[in-house]
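Heads up: the structure comes next, in structure tokens.
What follows draws every value from the coordinates through simple rules; no lab data is involved. As the structure is a computational prediction, the values presented were derived from the model and not from experiment. Cβ: placed from backbone, ideal geometry, glycine included. Neighbour counts: every protein chain shown.
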Amino acid sequence: MKTFGTDITTDDIVDSLAFFDSWEDRYRYIIDLGKELPSMDEALQTEANQVKRLPKSCLAI
């Protein structure tokens, strides 16, 4: 598996997710990957970067 901060292609993601049998396992894997991400710079944590209509507050750039 590649480390965050390097080039990850859609093919890499599809290959990784194909390993799992159920959508629940794929979902759990994606959540675990998100937990490995570095913290977002506070300067980017603005309302403009906030993802709307989610049960929990999320930011995207």
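Summary table below
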read-out	value
Dipole moment magnitude, nearest 20 debye, the stretch 10-59 about Cα centre, only Lys, Arg, Asp, Glu C-beta charged	380 debye
Largest-first principal axis extents of the Cα set of the stretch 10-59 (Å)	37, 21, 17
